[in-house]
Amino acid sequence: MPEPGSRASVSAVLRIRPFRRLWLVLAVSSVGDWLGLLATSAFAAGRFSSPVAQGAAFGGVIAVRLLPALVLGPLAGVLVDRFDRRRTMIVCDVLRFALFASIPAVGLVSGPGPAVGWAAAATFLIEALAMVWSPARDAAVPNLVPRAHLEAANRLSLATTYGVTPVVAALVMAGLGGLAHLADPVTVALYLNALTFLVNAGVLATAVPELSGRPHPAAHPGIRRELGEAWRFVLRTAFVRGLVAGILVAFGGAGVVIGAIQRFAASVHGGGAAFPLLFAALFAGMALGVAAGPALAHVLPHRRWFAVALVVAGGSVALLALAPDPVTAAAACVGTGAGAGLAFLVGWTLLGGEVGDDIRGRVFAFVEAGGRIALLVAIAVSSVLSGLGDPVRGVPAIRFVLLGAGAAVLLAGWAGLRPGDESPPARGRTTTSRDARGTVASGRGAKRHRRCRCATRTDGA
């Protein structure tokens, strides 16, 4: 069996009509997410005149976006696997439309305190809905495209979410700023953002029926048991366990760099331009890693590329810790982003190909929630540790933080390069399925279960 995506291109995967329409929904949703992040944070900060209060409100709204992963992430996967994915995504988009539209409406009729409080509460609810919407979309993609196109589909999705749409959202915010003499740009941005989710709900309801139609068991064993199935599947399947651990380590390493990069920029004496330069280099590297995936696919098996990507990311973080000047630091940020981008692409592709459809939503939700937690903890810890001063002969503490993070990611990648039982089964994907009593089956029985569902798969336009 060929590696996922080994011969597929972006143009080929875009010729698959159901995926193309789902990708357009993702693009609009991603623009809405980034625009919502910028607009909601600016809305909260704009309620106050004190710089300290503005900073606290801005950072507080961003922090709230990560909190649902701590409490709702695993439950989101149960909802994705239990209910029709298309209807679930439609409900999430309609509710996000209402919540985003309510933020400026509340601001018009209340003071700064209640307005910011509701903005934070609405942001929490919006992110909780996103925790359901994203795994539903990720779990649906392998059912819409052939296995050989899966990497190209994931590459396009990652490039759209983390490469194109943040720039589009920033340009929209900048463009709205030119209309300040006509209306409040932040208010307009929030209403425009709400509209994107309403449009998405309409597209999903009328244009992507292929997302529906998955068979579901007549009775569910209960939320606790369903969560336990996903957890046991990850722990007991060596290949999937290694993938999940590597993805979480990559998220943590990226979080350390994001949390430390502003203070690190001052340590290389690059002036005011150093921070935006390094930040841009990090995301440019991520785009490079995602784009380079298919060109490298024929060199090594995908599981090896996943480990190599972690080695590249970890080594680049370590190089960043030792960088003496802004140019070297920018090059190290490009390497860090490239390694992380390639690791995300390959890891997501392998998970989509190796995890069975009946449990895929829970596994993706677990990984996304774990990734968000790892990112939040890494950003918080690195931000605190980077402010400790110069503990050893005038060397900034942030360099030791980066060096430790680089070593951790490097070791994770090195462990993945060792020969062992991390490889997937030679004769098909690892999957799980329920028999008539709700128990978990694997191996050839699971393969027969997959063949029974082949009628729901769409391989052509």
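The values are calculated or read from the model by the stated rules, or taken from the named source; none is laboratory data. As the structure is a prediction and not an experimental result, all values here were calculated from the model. Heads up, the Cβs are rebuilt from the backbone with ideal geometry, glycines too, and the neighbour counts pull from every protein chain shown.
Quick notes
- Here 374, 408 are screened, and the one residue that is at pLDDT 80 or above, under 16 Å from the mean Cα position of the chain (by Cα), on the phi < 0 side of the Ramachandran plot and not in a loop (DSSP other than H, G, I, E, B) is 374.
- Residue, nearest to residue 212 (Cα to Cα), within segment 114-148, restricted to residues that are more than 21 Å from the chain's Cα centre (by Cα) and without any contact (Cβ under 8 Å) to a residue 60 or more places away in the chain: 121
- Inter-residue pairs, beta-carbon under 8 Å, first closer than 12 Å to residue 257 by Cα and in segment 315-334, second of a type in the set (Val, Ile, Thr) and assigned to a loop (DSSP other than H, G, I, E, B), 6+ apart: 329/268
- For residue 385, the requirement of being surrounded by fewer than 22 Cβ atoms within 10 Å (Cβ to Cβ), modelled with pLDDT of 80 or more and in the same structural domain as residue 277 (by TED's automatic domain parsing) is not met.
Here is a yes/no grid of residues against (1) acidic (Asp, Glu); (2) farther than 19 Å from residue 26 by Cβ; (3) crowded, with 18+ Cβ neighbours inside 10 Å:
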residue	(1), (2), (3)
122	no, yes, yes
125	no, yes, no
130	no, no, yes
168	no, no, no
176	no, yes, yes
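- Top-ranked residue of segment 169-216 - restricted to ones that are more than 22 Å from residue 105 (Cα to Cα) and among the charged types (D, E, K, R), ranked as modelled with the highest pLDDT: 210
Yes or no, residue by residue, for (1) at pLDDT 80 or above; (2) more than 30 Å from residue 75 (Cβ to Cβ):
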| site | (1), (2) |
| --- | --- |
| 249 | yes, no |
| 269 | no, yes |
| 277 | no, yes |
| 295 | no, yes |
| 310 | yes, no |
| 330 | yes, yes |
